[in-house]
Structure formats: C-alpha cells, structure tokens
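Input: a single structure, listed below in structure tokens.
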Amino acid sequence: MAETSGTIGGSDGGVQSLERAFLLLELMAEDGGEVALSRLAVDSGLPLSTIHRLVRTLVARGYVRQLPSRRYVLGPRLIHLGESSSRTLGTWARPHLNDLVDSTGETANLAMLDGDRVVYVAQVPSKHSMRMFTEVGRRVHLHCTGVGKALLSQLPPGTARDLLERGGMPRRTAKTITDPDELLALLPQIAEQGYVLDDGEQEIGVRCIAVPVPGGPAQTAISVSGPEGRVPMDSVPQIVALLQQAAAGLAAELRDDSARALSGRSS
C-alpha cells in the first residue's frame, strides 16, 4: 500500500492522518484498551510503518501509553476528554430522564461502557421516598446490570467475552448469571428484542429495564429501575416503549449536535 503525506484524502474529504489515528484509538478501545501493534495492523489494514508513526505521536501527546510488554494501552489524557464527554451526555440526557421519571414514577439512569465496567453518567431519582439510588460516576459489573447487558448485546461476541472474562462475573444474588457462556447465549435475543431485564440480579427485590441508545457518539444505555412491587412484569412492555422513545430522542439530539458542530467548523 502506497503511503501519502497523511494530510488530506480522508473518505469524506477530511484529514486522513486524523481519521487513521482515531481509527487506531477506536480499535484499541474495542480490544479492551490494550493491544499489540501487529493486531492493530490486522484490524485496521494499515501498514505497520503508518501505525508506528501514528502511535508514536499518540504516545507523545499522552493519548496512548506503552507497557513494558511493548503492548499499548489508552493513555491518561483520554480521561479528561471522557469526563467532558460524560458531562455533556448527562446534560443532554437529563430532560429525557425527567420524562421517564414522570411517566413511570421510577428512577431513570444513563450509563456508558467504560473498559470492562459500566459507569453511570446521569440519573434522575424517583419521587417516591423509597427509591433506587446509584451514585453518578459509580462503575459496576456488566453481567448483572440491565445497562451492562444492554451494552454487551451491542458488541461482537468475542469482544463481549473478553470484557466478561477480564472484568469477572461475581455472584451478587442467587439470580446472578456467573457463567459467561450462559450470558453470551442470551445476548442475540437481547439484541433482537431491543431491551433487557435485570430481575434481582444486582440487588434482591430490584427490577431494572434497560435499552441501548442507538447510534450515539459512545456506547450508552438508559434504564428505569425500582422495587419489583412497583415495577411488575406486566408493566415491562409499556416501560420498554417509553425507554426506546427516550433513547431514540437522545440519539437524534446528539447526532444533530454533532452535525451542527461539524458544519460550524467547515463554514
């Protein structure tokens, strides 16, 4: 493959070297944040010489870090960008979460994939005196939470397995699934139906319904959770419809905002 100077020629007229650098970061994230250059070459289709040059620049800027094993991981400078992105997502999500609380009477959450965990980035609590509360910024396991399973269902099976094996699957209640094969077998059905339940798997007596946010700028999911006595199984279809409506509205707003930002830069 002949190399260009890496300044222009992206697929949409953008900057090719930037497109390639972001592709490498995205591939590293999909591989769990730690990867060898040879794997990046296979996954990206780029020459090793190009990858070496781009990765050296990313290392120098703090976006990538080299381990003693000579593998590479996402660097600490991405943390600041991630925190800013989380705050922005939380701001956009709050009106949709408010609507969910008004419609269902229960707590609504927005969560994001964060390595081999899921992190809560926004929440609007129920108005009931007894309600579910999860601290914003809390990181929890993927296998026993509604948002975690919703996010796993959107990933390639190999990636989902890697995350489960790396993060572990500790038992939280008698209902917690702790066998990766058992959970992985459920993910295609979850993806097809478009929602997932956490029925006392994280906390006894708590029922959570979650859906992924389609086409968002990051892997995100929203959920409604409450005591199983106030969230009976016959209410699940109605709550799923409300969640999917909120997820679609949030995704559309985020896409429109991204389009406006790109338009403003090009004008």
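Points worth noting:
- Residue that is surrounded by the most Cβ atoms within 10 Å (Cβ to Cβ), among those in the stretch 71-101 that are modelled with pLDDT of 85 or more and farther than 30 Å from residue 237 by Cβ: 72
- Selection of strands (runs of 3 or more DSSP E) fully inside the stretch 127-245 by the criterion of at least 2 residues being over 19 Å from the mean Cα position of the chain (by Cα) returns 206-212, 220-227.
- Selection within the stretch 102-114 - under 16 Å from residue 245 (Cα atoms), in contact (Cβ under 8 Å) with a residue 40 or more places away in the chain and surrounded by fewer than 23 Cβ atoms within 10 Å (Cβ to Cβ): 103, 104
- Filter pass, residue 150 being of a type outside the set (Asp, Glu) and touching a helix residue (DSSP H, G or I) at 6+ places or on another chain (Cβ under 6 Å): no
- The lone criterion from (1) closer than 30 Å to residue 127 by Cα; (2) without any contact (Cβ under 8 Å) to a residue 12 or more places away in the chain left unmet by residue 239 is number (2).
- Among residues of the stretch 127-184, those that are among the basic types (Lys, Arg) and touching a strand residue (DSSP E or B) at 6+ places or on another chain (Cβ under 6 Å), counted: 4
- As for the stretch 152-175, it holds no residue that is within 18 Å of residue 239 (Cβ to Cβ), surrounded by fewer than 17 Cβ atoms within 10 Å (Cβ to Cβ) and in contact (Cβ under 8 Å) with a residue 12 or more places away in the chain.
- Filter result for residue 153 (at pLDDT below 85 and not aromatic (Phe, Trp, Tyr)): no
- Lone unmet requirement of (1) modelled with pLDDT under 70; (2) under 21 Å from the mean Cα position of the chain (by Cα); (3) surrounded by fewer than 16 Cβ atoms within 10 Å (Cβ to Cβ) for residue 26: (1)
- Just so you know, in the stretch 115-124 the residues that are touching a Gly at 6+ places or on another chain (Cβ under 9 Å) and either buried (at least 20 other Cβ atoms within 10 Å of the Cβ) or hydrophobic (A, V, I, L, M, F, W, C) (or both) include one that is nearest to residue 152 (Cα to Cα), and it is 118.
- Test result for residue 196, in contact with a strand residue (DSSP E or B) (Cβ under 6 Å, 6 or more places away or on another chain) and either charged (D, E, K, R) or at pLDDT 90 or above (or both): yes
The values are calculated or read from the model by the stated rules, or taken from the named source; none is laboratory data. Keep in mind it's a predicted model, so treat the numbers as computed, not measured. FYI the Cβ positions are ideal-geometry reconstructions off the backbone, even for glycines, and counts take in every protein chain you see.
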